[in-house]
Amino acid sequence: MTDSQTPKRTRISLLLNDSMVGQNLRVCGWVRTFRNDRFLAVNDGSTLHNLQLVVDKETTHSEILKQLHTGAAIEAMGELVESQGGGQATELKVTTLRILGGADPDEFPIQMKRHSLDFLREKAHMRFRTNTFGAVFRVRHALQYAVHTFFHEGGFYQLHTPIITGSDAEGAGEMFRVTTLDLDNLPRNEDGTLDVTQDFFGKEANLTVSGQLEAELGAMALGQVYTFGPTFRAENSNTSRHLAEFWMIEPEIAFADLQDDMALAEDCLKYVLTYALENCAEDLAFLERRELDAEKQLPQAERHEHPLRSRLQAVVDAPFEHLTYTEVIEVLKNSKPYKKKKFKYPVEWGVDLQSEHERWLVEKHVGGPVVVTDYPAGIKAFYMRTNDDGKTVAAMDVLVPGIGEIIGGSQREERLDVLKRKCAEFNIPEEHVWWYLETRKFGSAPHCGFGMGFERLVMYVTGMTNIRDVIPFPRTPLNAEF
């Protein structure tokens with residue numbers, strides 16, 4: 001806390017040019033380096049760059065300096081002056097120095113050296129203090145702001161859909177159970193089955209895998225809504241692309257078809273990428289250099305063809321090419337990797353596209369973003385609208401170079417009889433989604449929407465290759481630390 005005589009803390013991001021030179025200021029931050037017993041590099045998280053503090057060790061600060069170590073939190077007051085050394089435009093000539101929280105030099109895990117990402121995942125409570133994760137999470141924040149701004153400016157209303165739900169929107173069954181029952185003394189029915197009526201909700205409840213079904217209800221009254229919230233998948237997949245807890249962006253629009261859905265997806269993606277390029281230039285430049293350094297250790301074939309910011313700008317500038325699933329299968333079957341048996345997964349009509357197929361399509365065949373439409377009904381969710389051919393659904397996936405699928409969406413099935421038939425085909429009891437079906441009885445209308453995994457978007461924009469490194473505290477199989 002500060003009293004009325006103490007100046008308000010100034011963020012370091014505001015002090016890196018000479019606009020405030022000559023002013024007496026108060027800064028706080030964490031010591032990154034400490035050299036010659038008088039030069040401190042301090043960072044407060046507001047920027048990638050440190051502020052140099054110059055301390056006169058011949059003053060009363062000498063005892064404080066003896067107690068300082070990397071990682072300590074400090075408060076300093078003094079005059080901002082033009083730097084006498086290289087590497088920075090300004091520095092703070094310290095008149096008052098105080099240690100707010102010390103750091104044991106023998107135990108502090110984050111040193112001024114390159115740490116592996118595996119090591120930093122084990123120190124997730126401290127990894128924010130590194131340049132890499134400072135940059136990643138500032139970009140993450142900017143992307144979140146851009147998403148909300150895009151939808152707000154487009155006349156969408158944010159809807160907070162339930163985290164606890166009784167329905168499985170995807171029909172996959174990989175859900176986390178929510179219960180207050182005593183697991184050591186579970187109530188049973190006479191036939192030995194679990195008596196769920198004694199649970200908190202009187203029925204089986206789970207953590208949501210999607211807010212889409214509820215968002216559709218909102219769109220049927222508000223016209224266009226979006227959700228941006230946590231979702232959960234109990235999929236036992238320990239890969240660099242999967243999390244058990246992640247965030248999803250899911251807009252739904254009424255009186256719209258698949259063409260409208262594709263246009264919205266393209267506009268949204270281009271908007272958020274443009275925002276990041278314009279507002280995160282410093283952090284993206286750092287992450288680009290980091291990626292280039294890391295790729296020096298890789299074979300040429302595994303390196304990106306273009307630097308990070310160029311890849312993002314190319315998506316912003318490019319028209320999205322549109323291909324049907326059937327056309328994509330034909331293209332893949334005529335490709336050199338298919339003919340030379342280089343694809344690991346099969347390519348045939350009715351089989352879902354794998355990441356290797358998607359990436360070859362956008363990176364080698366098209367050389368830019370692609371929207372794939374009209375997938376076989378059997379590999380897509382029950383709520384997607386059946387096309388007139390009876391075999392495909394009005395679905396679309398947006399694929400981008402470097403990552404593959406980044407958005408998946410569809411026109412929703414608005415016809416009650418068809419939706420009931422789809423529930424039966426997907427073994428979804430009508431009583432589980434009675435409220436969803438009922439909306440098709442009263443003022444049903446064509447509508448559509450999509451889902452964009454936020455962490456996948458952050459991976460794409462930052463160039464990080466493991467999804468665990470773009471969420472503050474990753475939840476994965478056998479890992480719920482921090």
Expected vector for the stretch 350-359, Karplus 3J(HN,Hα) from phi with 6.51, -1.76, 1.60 and θ = phi - 60°, integer Hz, x for Gly and Pro, equals x, 9, 5, 6, 9, 4, 5, 6, 4, 5
Counting only protein heavy atoms and rolling a 1.4 Å probe, one gets per residue an accessible area for the stretch 315-446 in Å² of 48 Å²
Relative to the compact-globule estimate 2.2 N^0.38 Å (N residues), the Cα gyration radius of the stretch 342-482 stands at a ratio of 1.25
PRE zone check, label point 7 Å out along Cα-to-Cβ of H125, amide N under 15 Å, scope the stretch 463-482, hits 473-474, 480-482
In the stretch 1-78 the accessible area split gives carbon plus sulfur, as whole percent at 1.4 Å, a share of 47 percent
Dividing the helical contributions, -39500 (n - 2.57) per DSSP H run of n ≥ 4, by the residues of the chain yields a 222 nm value, nearest 500 deg cm²/dmol, of -8500 deg cm²/dmol
Measure of exposure for F128: accessible area at 1.4 Å probe, Å² rounded to 10, is 80 Å²
By the C-alpha gyration tensor axes a ≥ b ≥ c (rounded if a/c is under 1.5, else prolate when a/b exceeds b/c, else oblate), the shape of the stretch 238-297 is oblate
Ratio for the stretch 34-111, C-alpha Rg to 2.2 N^0.38 Å, reads 1.07
In debye to the nearest 20, the charge dipole size for the stretch 279-422, taken about the Cα centre with +1 at each Lys and Arg Cβ and -1 at each Asp and Glu Cβ, equals 580 debye
Ranking T70, P429, L277 by how far each Cα lies towards the positive end of the charge dipole of the chain (+1 on Lys and Arg Cβ, -1 on Asp and Glu Cβ), the top one is T70
Excluding ligands, DNA and RNA, the carbon-plus-sulfur percentage of the accessible area of the stretch 349-421 with a 1.4 Å probe reads 43 percent
Two pseudo-spin positions, 7 Å from Cα along C-beta at N17 and at E481, lie apart in nanometres by 4.2 nm
What the Cα atoms of the stretch 1-159 span along the principal axes, largest first and in whole Å, is 61, 39, 34
For the stretch 113-211, using Cα atoms only, the Rg and Dmax in Å read 21.2, 63
Ranking G192, A256, I12 by how far each Cα lies towards the positive end of the charge dipole of the chain (+1 on Lys and Arg Cβ, -1 on Asp and Glu Cβ), the top one is I12
If amide H atoms are modeled at 1.01 Å from N in the peptide plane, then the residues at a separation of 5 or more from T324, or on another chain, having amide H under 5 Å from its own are T373
For Q158, other-chain or 5+-apart residues with amide H closer than 5 Å (H placed, Pro excluded) are Y226
Within the stretch 337-352, the residues whose backbone N lies under 16 Å from a label point placed 7 Å from the Cα of Q300 along the Cα-to-Cβ direction are none
Accessible-area order for R303, R98, R114, largest to smallest, probe 1.4 angstrom, reads R114, R98, R303
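From largest to smallest, what semi-axes in whole angstrom does the chain give when each is the square root of 5 times an eigenvalue of its alpha carbon gyration tensor? Walk me through the intermediate numbers first.
Details: eigenvalues 464, 159, 96 Å².
That gives 48, 28, 22 Å for the three semi-axes.
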Karplus ³J(HN,Hα) for the stretch 85-90 (6.51 cos²θ - 1.76 cosθ + 1.60, θ = phi - 60°; Hz, whole; x = Gly/Pro) runs x, x, x, 8, 7, 9
Highest mean packing first, using Cβ neighbours within 10 angstrom, the peptides 69-82, 8-21 sort as 69-82, 8-21
Taking r as the C-beta separation of K333 and F108 and R0 as 60 Å, the FRET efficiency to the nearest 0.05 is 0.60
If the chain between L183 and E282 were fully extended at 0.36 nm per residue, the gain over the current Cα-Cα distance would be 30.5 nm
Here the FRET efficiency for K441 versus V81, based on Cβ atoms and R0 = 51 Å and rounded to 0.05, is 0.10
Magnitude of the Cβ-charge dipole (Lys and Arg +1, Asp and Glu -1) of the stretch 60-111 about the Cα centre, nearest 20 debye, reported as 120 debye
Expected field for Y271, accessible surface area in Å² at 1.4 Å probe radius, rounded to 10, holds 70 Å²
Over 24 Å (Cα to Cα) among K336/K391; K341/K364; K344/K364 -> K336/K391
The answer for the per residue Cα convex hull volume of the stretch 284-380, in Å³, is 117 Å³
Per the 1/(1 + (r/R0)^6) rule, R0 = 41 Å and r from the Cβ atoms of A234 and Q67, FRET efficiency to 0.05 is 0.25
If unit charges are put on Cβ atoms (+1 for Lys and Arg, -1 for Asp and Glu) and the dipole of the stretch 282-385 is taken about its Cα centre, the option from A301, A318, Y338 lying farthest towards the positive end turns out to be Y338
Treating only Lys and Arg (+1) and Asp and Glu (-1) as charged, each at its beta carbon, one finds that the stretch 279-362 has a dipole about its Cα centre, in Debye to the nearest 20, of 560 debye
Which residues qualify? For L181, with a placed amide H closer than 5 Å and at least 5 residues away or on another chain, they are F200
Here the equivalent ellipsoid of the stretch 370-452, derived from its Cα gyration tensor, has semi-axes (largest first, whole Å) of 25, 13, 12
The ³J(HN,Hα) series, computed from each phi in the stretch 377-385 with the Karplus coefficients 6.51, -1.76 and 1.60 at θ = phi - 60°, rounded to the nearest Hz and given as x for glycine or proline, is 4, x, 10, 10, 5, 5, 8, 7, 5
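The values are calculated or read from the model by the stated rules, or taken from the named source; none is laboratory data. Treat the numbers as computed from the prediction; the structure is a model and nothing was measured. Note that we place each Cβ from the backbone using ideal geometry, even for glycine, and neighbour counts take in every protein chain shown. The area values use the complete protein model at the heavy-atom level, side chains included, leaving out ligands, DNA and RNA. Shrake-Rupley method; radii C 1.70, N 1.55, O 1.52, S 1.80 Å.
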